[in-house]
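Asker: What follows is a structure written as structure tokens; I'll ask about it next.
The values are calculated or read from the model by the stated rules, or taken from the named source; none is laboratory data. Bear in mind the structure is a predicted one, so any value in this text is a computation, not a measurement. Cβ: placed from backbone, ideal geometry, glycine included. Neighbour counts: every protein chain shown.
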Amino acid sequence: MRIPCPHCGERGFQEFAYYGDAGPKRPAHGGDTGEDVWFDYVYLRDNPAGPHEELWYHAAGCRTWLVVTRNTLTHEVAGARPARDVALERSAAP
Amino acid sequence: MGYDRYSVFSLLRESLRGHAGWGPAWRDAAPRPAYDVVIVGGGGHGLSTAYYLASQHGITNVAVVERGYIGSGNVGRNTTIIRSNYLLPGNIPFYEHSLKLWEGLEQDINYNAMVSQRGVLNLFHTDAQRDAYARRGNAMRLHGIDAELLDRAAVRRMLPYADFDNARFPIHGGLLQRRGGTVRHDAVAWGYARAADRRGVDVIQHCEVTGITVENGRAVGLQTTRGTIRAKKVGLACAGNSSRVAAMAGLRLPIESHVLQAFVSEGIKPLIDCVVTYGAGHFYISQSDKGGLVFGGDIDGYNSYAWRGNLPTVEDVCEGGMALMPIIGRVRITRSWGGLMDMSMDGSPIIDRTPIEGLYLNCGWCYGGFKATPASGWCFAHLIAQDAPYPVAAALRLDRFATGRLVDEKGVGAQPNLH
Ligand SMILES: Cc1cc2nc3c(=O)[nH]c(=O)nc-3n(C[C@H](O)[C@H](O)[C@H](O)COP(=O)(O)OP(=O)(O)OC[C@H]3O[C@@H](n4cnc5c(N)ncnc54)[C@H](O)[C@@H]3O)c2cc1C
Ligand SMILES: [Zn+2]
């Protein structure tokens, strides 16, 4: 598996550390965030067979967190974007 | 003829007849319209569940539906190690129950599963690791399970060829469970399938479940590639595919699917007469009766349904092996493969009811579910038959993640790719 880092180019995946599904969004602290919302965020996963957006950290490279789109059935990597960009996009969305 | 009891006499008779009289070990059943219980997944856990439903609870109107062939899943892909050297009260009695069932399994199911209690030796390389293993051994002994803390000299007698004076990771000793060992994995699947079949269970191969029918909050049947099957109760035992099958009933699980690889070398003369695990990296090894070294290490570490892994893990596993026993360096690897692991969020399994009435769940085996095969089936059958957990599996609940009652052997928290 090779991951196309936006900064470093295509690199072997052993340079990266895997964190997991990039989908779950951390709930807001305090307020009326219920325990069930936290439970969902911490423990439950869609765990799809097919395209999966996931967090990889380029530990032995530019040390950027990336959102990589990869197919869990074939290991085919479709693309990688800085996680920061993805997060900004998400928080801008209504 | 095929349903004869296996014995030394049937073996002798068949030897004299050129082995022409052996029949199939189980019927190739076609699905019937309705059953009392249908188990989804014909791996070790699904088959043992069906067998114990029939033998312990008298429930024989049972089907096991398997999308591939029996033994095609993890039950035929693992490195065959059995042991009960756990630390936490939620796990120890469960795995010890399993080891006790292994000890009587072959007589019970009349099948040679080659259960071999050759011992499992976990090596330690630092003082802190010695303390951790001493604690684990003590926890086991408090539960009446055998555990021996070996010093360096005792380990050297067992593994004279290991690299004791490795500059970074010298071997200081090991924790030995003599009753641990290995079991022929395919034989476990075949033996349970045959024993269940003989008690009336339909073992249905090449039948993929594509939907779960839920009416008024109750599971009442399954859609499959071979038609609709009605069921009073449905048990899921789908290992690495658990999330996908549970999703058919609208459930999301605390599970990620990951790939774990295993390796076998060419056959060599007897060298390793127990199971050895390396403590400074992740590497474990035993030798099969055919002479091949059987070994493995870490999961690859990313979500996968691909049934195969990548080369960096191969390199990592082999480095672990070379650091522990350089003697194996020139042995050639002949085969490697991957299996789909149902990694739970605390590293422990789930055997429980679900929010859907009549739907039962067995999953989260991570990469250690082979040793659990008998107890998993025993406890799952009890749960399905009695609607109450079997005591030794009472902690393995689905809601423990929501209530904070984790069974976290490693103490690493909610991170499925670490266990
Ligand atoms: C490389 C490797 C090494 C391992 N080493 C060890 C070890 O040394 N010791 C140990 O204790 N454990 C080990 N394990 C773990 C162990 O093999 C598993 O935890 C255990 O086998 C899982 O239970 P099972 O046998 O029921 O799974 P499986 O055999 O995978 O059974 C699940 C079945 O469900 C079927 N299925 C899935 N979806 C559907 C559907 N929709 N419809 C119908 N059927 C379906 C699958 O085809 C499969 O046959 C290892 C695993 C691997 C991959
Ligand atoms: Zn980079």
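Asker: Six or more apart or on different chains, Cβ under 7 Å: which pairs go from a residue in the stretch B:151-168 that's in the same structural domain as B:Cys274 (by TED's automatic domain parsing) and touching a residue at least 12 places away in the same chain (Cβ under 8 Å) to one that's of a type outside the set (Ser, Thr, Tyr) and assigned to a helix (DSSP H, G or I)? Could you list them?
Answerer: Cβ pairs passing all conditions: B:Tyr161/B:Ile327; B:Ala162/B:Leu324; B:Asp163/B:Ala323; B:Asp163/B:Leu324; B:Asp163/B:Pro326; B:Phe164/B:Arg152; B:Phe164/B:Arg156; B:Asn166/B:Ala323.
Asker: Which of the residues spanning the stretch A:58-70 are more than 9 Å from ligand 2 (Cβ to nearest atom) and either in contact (Cβ under 8 Å) with a residue 60 or more places away in the chain or within 11 Å of another protein chain (Cβ to nearest Cβ) (or both)?
Answerer: Those that are more than 9 Å from ligand 2 (Cβ to nearest atom) and either in contact (Cβ under 8 Å) with a residue 60 or more places away in the chain or within 11 Å of another protein chain (Cβ to nearest Cβ) (or both): A:Val68, A:Arg70.
Asker: Just checking, how many residues over the stretch A:49-94 are more than 28 Å from B:Ile255 (Cβ to Cβ) and in contact with a helix residue (DSSP H, G or I) (Cβ under 6 Å, 6 or more places away or on another chain)?
Answerer: Going through the stretch A:49-94 one residue at a time, the tally reaches 2.
Asker: Right, another one. Hey, can you tell me all the residues within the stretch A:52-94 that are on the phi < 0 side of the Ramachandran plot, part of a loop (DSSP other than H, G, I, E, B) and at pLDDT 95 or above?
Answerer: Selection gives A:His58, A:Ala59, A:Ala60, A:Gly61, A:Cys62, A:Thr64, A:Thr72, A:Leu73, A:Thr74, A:Glu76.
Asker: For the stretch A:10-51, enumerate the residues that are within 10 Å of chain B (Cβ to nearest Cβ) and assigned to a loop (DSSP other than H, G, I, E, B).
Answerer: Selection gives A:Phe16, A:Leu44, A:Asp46, A:Asn47, A:Pro48, A:Ala49, A:Gly50.
Asker: Could you please find all residues in the stretch A:51-94 being among the hydroxyl-bearing types (Ser, Thr, Tyr) and within 14 Å of A:Gly23 (Cβ to Cβ)?
Answerer: The first filter runs over the stretch A:51-94 and keeps only residues among the hydroxyl-bearing types (Ser, Thr, Tyr), leaving A:57, A:64, A:69, A:72, A:74, A:91.
Result: A:Thr69, A:Thr72.
Asker: Give the stretch B:345-360 a look and list any residue that's in a loop (DSSP other than H, G, I, E, B) and either within 12 Å of ligand 1 (Cβ to nearest atom) or closer than 18 Å to B:Leu406 by Cβ (or both), or say none. First the steps, then the outcome.
Answerer: Taking the stretch B:345-360 first, the residues in a loop (DSSP other than H, G, I, E, B) are B:345-349, B:354-356, B:358.
Correct list: B:Met345, B:Asp346, B:Gly347, B:Ser348, B:Pro349.
Asker: Out of the residues in the stretch A:71-93 meeting the condition of being within 14 Å of another protein chain (Cβ to nearest Cβ) and in contact with a Ser or Thr (Cβ under 9 Å, 6 or more places away or on another chain), tell me which one is nearest to A:Lys25 (Cα to Cα).
Answerer: From the stretch A:71-93, those within 14 Å of another protein chain (Cβ to nearest Cβ) are A:71-77, A:80; that's our starting set.
Narrowing further to those that are in contact with a Ser or Thr (Cβ under 9 Å, 6 or more places away or on another chain): A:72-73, A:75, A:77, A:80.
Numbers: A:Thr72: 21, A:Leu73: 24, A:His75: 24, A:Val77: 22, A:Ala80: 19 Å.
Checked the stretch A:71-93; the qualifying residue nearest to A:Lys25 (Cα to Cα) is A:Ala80.
Asker: Can you name the condition, by its number, that B:Ile356 falls short on among (1) away from chain A (no Cβ under 13 Å); (2) surrounded by 17 or more Cβ atoms within 10 Å (Cβ to Cβ); (3) free of Cβ contacts under 8 Å to residues at least 12 places away in the same chain?
Answerer: So the condition that B:Ile356 fails would be (3).
Yes or no, residue by residue, for (1) more than 15 Å from ligand 1 (Cβ to nearest atom); (2) away from chain A (no Cβ under 14 Å); (3) at pLDDT 95 or above; (4) part of a loop (DSSP other than H, G, I, E, B):
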{"residue": "B:Met322", "(1), (2), (3), (4)": "yes, yes, yes, no"}
{"residue": "B:Ile327", "(1), (2), (3), (4)": "yes, yes, yes, no"}
{"residue": "B:Arg335", "(1), (2), (3), (4)": "no, yes, yes, no"}
{"residue": "B:Leu340", "(1), (2), (3), (4)": "no, no, yes, no"}
{"residue": "B:Met343", "(1), (2), (3), (4)": "no, no, yes, no"}
{"residue": "B:Asn362", "(1), (2), (3), (4)": "no, yes, yes, no"}
{"residue": "B:Gly369", "(1), (2), (3), (4)": "no, yes, yes, yes"}
{"residue": "B:Ser376", "(1), (2), (3), (4)": "no, yes, yes, no"}
{"residue": "B:His382", "(1), (2), (3), (4)": "yes, yes, yes, no"}
